[in-house]
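Visitor: My questions all concern the structure below.
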Amino acid sequence: MSTLPRVVLHKGKEKKARNAYPFIFRDEIGGWEPRPMPGDWVEVSDYEGNLIGVGYANPKCSLAVRLMELGVREPSPDLWFRRLEQAVSRRMNLMKTTGACRLVHAEADFLPGLIVDRIGDYAVLQSRTAGTDRVKTEIARHLMTLLPLKGVYERSDMPSREEEGLKPVKGLLAGTEPEGKIEISENGVRFWADPVSGHKTGYYADQRENRQKLVSLLPAGARVLDLFCYNGGFSLFASEKAGSVLGLDLDPAAIKLAEENAVLNGFTNLRFEAADVFAWLEEAVKKQEKWDVIIIDPPAMAKKKEKADNEKWMFWRLIKGALEIASPGALLVVSSCAYHLSQQQLFEAARFAAGDVLKTLRILDVTFQPEDHPWVLQIPESLYLKTFFFRLES
């Protein structure tokens, strides 16, 4: 007999859970027996009382339970550590070839609410829920035993913690704190990563393969425009073959970091500007500028499903502007990291934009996130990164 509080689902809501979908929403729950505290373990059963499994709960949230194990009434004592070890083991070969990668990708590694990135000799941890907040220190210490790390730094300073009743927090969890920026290498290009003050965990490793693909498609001597360039990731890789590169981002701190990365590599054929991309595009269209390669990789703006249509039309506006300044035969790279914006919606944004300016786009490739950011068939939310490579045909 379980000693845990019990969650009873409404009729029919047990099917997803039994098919390894880890999220149980508040409106799917018929009752709490008794009501747990945020972060407590709970036993989950169907409306007839049949066992489904265990997870951790937060009755305050719309996403009220995150299932961790099926078919048991109590969580395995070593569950968090065992899942962590499995996730790290899956990345061992990758860690030999790159300076930054994701070690834990939340529910896709069966550790919902937890993100861990490795950046050089440090791990950067994000705890997104009350349940992971309870174990984050132990996880950090265990990471130090699994890998030769200097420290584990927490970047749980995202606004989404507010719904969980948690305050944004950052600071050292284990080992020693990073002393400023960390130099890493990705496929021969050097970067400064900033786990303490940079965006999210300090480095976007999920575009690693797309940056390589860009190089393979890039015409020698091309004029390259990188919109929403952040730390200059695409820009720096493009500069190896390009004649010139311009990177734009609204954040002056990101532009400063991109400039430092260019200096670090000794690249001189690129420059960066702090600018509102939308306003800049409008001016570029008026000036009839022409670019051979244009990269569009904005931050996710659709944090909720009802905002997805707004994001679709944002991409339409960006792609339309890009096509108006694209040279004949130009390469266009369009990437979205917003889960709620579907692949079909992004295709439609590109199709509508191309139609509005009477251009034809050939699809060269469609890519998704790399292996260290896995996605699971039964968890649609685990697939978030979608990138389209287009060739302008007319």
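Quick note: the coordinates plus some simple rules give every number you see, no bench work behind them. On a predicted model such as this, the values are computed, not experimentally measured, just so you know. Quick reminder, even Gly has a Cβ in these numbers, built from the backbone with ideal geometry, and neighbours come from all protein chains shown.
Visitor: What residue, of ARG18, ARG6, is basic (Lys, Arg) and under 20 Å from ILE379 (Cα atoms)?
Guide: ARG18
Visitor: Something else about it: Could you tell me whether TYR21 is assigned to a loop (DSSP other than H, G, I, E, B) and either closer than 28 Å to GLU162 by Cα or touching a residue at least 12 places away in the same chain (Cβ under 8 Å) (or both)?
Guide: Yes; evaluated as a whole, the condition is true for this residue.
Visitor: Another question, then. Just give me the residues in segment 270-288 being in a loop (DSSP other than H, G, I, E, B) and buried (at least 16 other Cβ atoms within 10 Å of the Cβ), in sequence order.
Guide: ALA275 - this is the single residue of segment 270-288 that is in a loop (DSSP other than H, G, I, E, B) and buried (at least 16 other Cβ atoms within 10 Å of the Cβ).
Visitor: Do you know which residues across segment 150-173 are surrounded by 19 or more Cβ atoms within 10 Å (Cβ to Cβ) and assigned to a loop (DSSP other than H, G, I, E, B)?
Guide: LEU166, the sole residue that qualifies.
Visitor: Ok, one more. List the residue pairs whose Cβ atoms are under 9 Å apart, where the first residue sits in segment 110-132 and is at positive phi, the second is in a helix (DSSP H, G or I) and of a type in the set (Lys, Arg), and the two are 6 or more positions apart or on different chains.
Guide: Short answer, once both residue conditions are applied: PHE110/ARG83.
Visitor: Here's a check for you: in segment 227-263, which residue that is within 19 Å of the chain's Cα centre (by Cα) and charged (D, E, K, R) is farthest from ARG317 (Cα to Cα)?
Guide: The extreme case among them is ASP251.
Visitor: Among (1) surrounded by fewer than 17 Cβ atoms within 10 Å (Cβ to Cβ); (2) part of a loop (DSSP other than H, G, I, E, B), where does GLY355 come up short?
Guide: In the conditions (1) surrounded by fewer than 17 Cβ atoms within 10 Å (Cβ to Cβ); (2) part of a loop (DSSP other than H, G, I, E, B), GLY355 misses (2) alone.
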